[in-house]
Each structure stands twice: as C-alpha cells, then as structure tokens.
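The values are calculated or read from the model by the stated rules, or taken from the named source; none is laboratory data. Because the structure is predicted, anything quoted here is derived from the model rather than measured. Quick reminder, even Gly has a Cβ in these numbers, built from the backbone with ideal geometry, and neighbours come from all protein chains shown. These area figures cover heavy atoms from the full protein model, side chains too; ligands, DNA and RNA do not enter into them. Shrake-Rupley method; radii C 1.70, N 1.55, O 1.52, S 1.80 Å.
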Amino acid sequence: CRPQWEVQNIAGWTFGALPEQIDVRGKYGWTGVAYPGLQVTDDKINLHLFANPREAALSHREGVAALYELVFADKIKQLQKNIALKGDLKSEAARIGAPRQLEESLLRRVKDDLFSRSWRRPEEFQAHAEKIGAEILPYGQQVLSAITPVIKSFTDADNTLQKLMQKNRGNAPVLQFLNNTLAEAKKLVPVVFPQLYPFDRLRHLPRYLKALAIRAERGSLNPAAARTKLQEAAFYENLYQAITGKMTATASEEKKSRVDELRWMIEEYKVSLFAQELKTAYPVSPKRLEQVVSEIDRILC
C-alpha cells in the first residue's frame with residue numbers, strides 16, 4: 001500500500017486526484033484506514049500516508065501551499081522586493097523588531113492567505129493557480145498598506161514611553177509602570193504581527209497603541225489611579241488566560257471564535273478605562289465581559 005501512495009520529492013501536481021482516506025489491506029485482508037496527504041519535510045514535498053485525519057489535513061494544506069510556492073517562485077521573488085521596508089518605515093519597524101523578520105512575516109501572510117488550501121483534485125489546484133496569479137503582487141501591497149499605520153502608531157507610542165522614562169528616571173515605581181506598558185505594546189504588536197491578525201483587526205491596533213500611550217502619560221502623573229484600573233482589567237485578563245489554558249486543539253470553531261472575541265473585548269475595555277476619548281468599537285462593560293465568559297463556559301468543546 002505504501003509504495004503505491006507514498007512519493008518523495010514532488011515538484012508539481014503529478015499524482016492525480018487524492019482521496020481523503022483509503023482502506024489499508026495486508027496479507028490477511030483489510031487492516032484499517034489511512035489518510036493520504038502532502039507533507040513538507042526538509043524543504044521537500046512528499047506524498048505521505050497518515051494515521052491521523054487531523055494531522056493529514058493540516059499537513060496537506062501546508063503541502064498544497066508549498067506546491068504553489070514552486071509554481072509562483074518568480075512572483076514570490078518579485079514580491080519580496082516589493083514589500084521590502086525602506087527609509088523611515090524601515091527604521092520605525094526596527095522599534096518592533098528586526099525589519100527582515102517583519103518582512104518575512106508579511107510574506108508569510110500573503111502565502112497563507114493565497115496559497116493555503118485543501119485541494120485534492122488537480123483541476124481545483126490549477127483553477128486556483130490561474131485565479132491568484134495576478135493577485136499576488138497587489139495583495140502584498142494591500143498587506144503592507146494595512147500594517148504601515150500600525151508600525152507608525154507603535155513608533156509614536158514608543159516615543160511617548162521613552163520620553164516619560166527619561167523624565168521619570170529617578171522614580172522606580174513609575175519606571176516599572178512604564179516598562180510594563182511598553183511590554184504590553186510589544187506583546188500586542190510582536191515582530192510577526194502581519195501574519196497574526198486579519199485586516200479588520202489590524203485597523204484597530206493603532207487605537208489600542210494610542211490608548212497605551214495615553215495610559216502611560218496619565219499613569220505617570222497618577223500611578224494610584226492607573227493601578228486601580230489595571231487591576232480591573234487584570235481580572236478579565238486572568239479569566240481569559242485561564243480559559244485559553246484549558247483549551248484543547250480539538251476545541252470547536254464556535255468556542256475558538258468566542259474566546260477570540262473575549263480577548264478583543266478586554267482590549268476595548270482597557271480603552272474605555274484609560275482613554276475614553278478614543279471611544280470603543282462597540283459598547284463594552286464588566287457585565288458584557290462576564291456574559292461572554294458565561295457563554296464560553298456553556299460551550300462544551
């Protein structure tokens with residue numbers, strides 16, 4: 001069975017239609033089920049038989065994406081040139097992390113969005129290739145345009161924090177507060193942020209960063225008030241951490257969606273606590289947060 005299905009170092013879709021599962025037969029007849037799928041190992045694409053359907057599905061998507069990378073190798077080289085960070089944007093991006101890493105994350109985002117598919121028939125693969133060929137370079141520009149305001153907002157927030165740190169360099173409690181705020185900004189916008197957030201989430205990040213800067217300014221003047229508000233936010237952040245800590249890989253899409261909703265509701269709640277003038281994207285309150293937590297608890301898996 002394996003010699004028939006397992007092929008090493010594939011360079012294109014040359015293996016026909018691929019079933020989701022096959023019967024495995026041995027010397028004494030039927031012995032079980034196996035799940036064919038593409039597999040990427042050591043920069044090579046192989047056709048492999050898996051024992052686990054979920055593992056097969058995840059690996060196969062990666063394999064299909066890798067095949068598209070071969071098809072569009074020249075376009076990807078051009079894309080890398082087009083999305084290279086230059087000038088002020090490059091130096092601003094360095095506040096977040098290595099510009100090269102950020103560019104790689106942007107490239108990964110384009111590949112994930114356009115190449116990651118579960119096709120199992122050659123005609124599906126080919127039809128999608130014909131569809132996206134002309135979209136790759138414009139899509140790269142679309143992602144670059146979406147992350148640029150985030151990079152600039154992070155720079156603004158970082159500038160505010162650095163000035164406040166300099167001003168309060170002899171005040172250990174305020175410095176600790178400011179360092180914690182900077183750490184939160186870096187957690188919100190890590191160097192791989194281009195591939196983490198959908199477009200509708202990216203557009204909110206500048207507001208969250210502005211709220212962090214306002215928190216820093218006001219908190220450095222009134223640390224006690226900031227500490228009280230941080231404790232209010234921390235209550236829900238701890239609930240969120242407890243929920244995600246218990247989440248399993250097999251959690252339903254409904255549960256994952258609600259947990260993600262809770263995360264961003266907490267971010268909006270912090271805007272309402274520290275920078276009301278920026279306004280929240282929707283009404284948020286302790287009551288609404290607790291309602292979402294209760295709904296998550298009711299979802300069994």
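Of the candidates Met165, Met247, Met265, which one comes out as most mobile in a Gaussian network treatment of the chain with C-alpha springs shorter than 10 Å? The residue that fluctuates most here is Met247. The largest-to-smallest principal axis extents of the Cα set in segment 28-157 are 70, 30, 22 Å. Per the Debye formula on identical point scatterers at the alpha carbon atoms of segment 113-161, with no solvent, log10 I(q)/I(0) at q = 0.23, 0.26 Å⁻¹ is -0.84, -0.93.
Quick one: divide the alpha-carbon radius of gyration of the chain by 2.2 N^0.38 Å and tell me what you get.
Working: Rg = 24.0 Å, N = 301, 2.2 N^0.38 = 19.2 Å.
The chain yields a ratio of 1.25.
Which of Lys90/Lys210; Lys86/Lys210; Lys44/Lys90; Lys86/Lys163; Lys90/Lys229 have a Cα-Cα distance over 29 Å? Intermediate values should be presented prior to the final figure.
Numbers: Lys90/Lys210 21 Å; Lys86/Lys210 24 Å; Lys44/Lys90 33 Å; Lys86/Lys163 26 Å; Lys90/Lys229 35 Å.
From the list (Lys90/Lys210; Lys86/Lys210; Lys44/Lys90; Lys86/Lys163; Lys90/Lys229), the Cα-Cα distance tops 29 Å for Lys44/Lys90; Lys90/Lys229.
On alpha carbon coordinates alone, what is the Rg over Rh value for segment 151-273, Rh being the Kirkwood radius? Could the numbers behind the result be given before it?
Numbers: Rg = 15.7 Å, Rh = 15.6 Å.
Result: Rg/Rh = 1.00.
Based on a Kirkwood Rh over C-alpha pairs, give the Stokes-Einstein translational diffusion coefficient of segment 111-217 at 4 °C and viscosity 1.567 mPa s in µm²/s. It would help to have the intermediate numbers written out before the result.
On the way: Rh = 16.3 Å.
Here the translational diffusion coefficient equals 79 µm²/s.
Send over the Kirkwood Rh of segment 203-270, from the inverse of the averaged 1/r over different Cα pairs, rounded to one decimal Å. Intermediate values should be presented prior to the final figure.
On the way: mean 1/r = 0.0738 Å⁻¹.
About 13.6 Å, per the Kirkwood formula over Cα pairs.
Exactly which trypsin sites (Lys or Arg not before Pro) in segment 233-301 are in a DSSP loop and have at most 12 other Cβ atoms within 10 Å?
On the way: sites: Lys246, Lys255, Lys256, Arg258, Arg263, Lys270, Lys279, Lys287, Arg288, Arg298; in loops: Lys279.
Loop-located and lightly packed - Lys279.
Calculated [222 nm] ellipticity per residue, helices only, for the chain: -21500 deg cm²/dmol; basis is -39500 (n - 2.57) per DSSP H run with n ≥ 4, divided by all residues, nearest 500.
Express the relative contact order of the chain as a whole percentage, based on alpha carbon pairs under 8 Å and six or more residues apart in sequence. Intermediate values should be presented prior to the final figure.
Numbers: 339 pairs, mean separation 39.8, N = 301.
Across the chain, relative contact order equals 13 percent.
Which of the trypsin sites (Lys or Arg not before Pro) across segment 15-94 are loop residues per DSSP, with 10 or fewer other Cβ within 10 Å?
On the way: sites: Arg25, Lys27, Lys44, Arg54, Arg61, Lys75, Lys77, Lys81, Lys86, Lys90; in loops: Lys27, Lys86.
Within segment 15-94, the qualifying trypsin sites (Lys or Arg not before Pro) (loop, at most 10 other Cβ atoms within 10 Å) are Lys27, Lys86.
On the chain, 51 percent of the accessible area sits on carbon and sulfur atoms, based on a 1.4 Å probe. Using Cα positions and a limit of under 16 Å, work out the lysines in reach of Lys255, with same-chain residues fewer than 8 apart set aside. Those lysines meeting the cut-off are Lys246.
For the chain, what is the accessible area per residue in Å², given a 1.4 Å probe and the full set of protein chains? Could the numbers behind the result be given before it?
On the way: 16590 Å² over 301 residues.
Dividing the accessible area of the chain by its residue count gives 55 Å².
Sequence gap at least 6, Cα distance under 8 Å: using those rules, report the relative contact order of segment 1-81 to the nearest whole percent.
Details: 115 pairs, mean separation 22.2, N = 81.
Averaging sequence separation for qualifying contacts and normalising by length gives 27 percent for segment 1-81.
What FRET efficiency do you get for Asn171 and Gln195 if R0 is 41 Å and r is their Cβ-Cβ distance, rounded to the nearest 0.05?
Numbers: r = 38 Å, r/R0 = 0.93.
According to the calculation, E is roughly 0.60.
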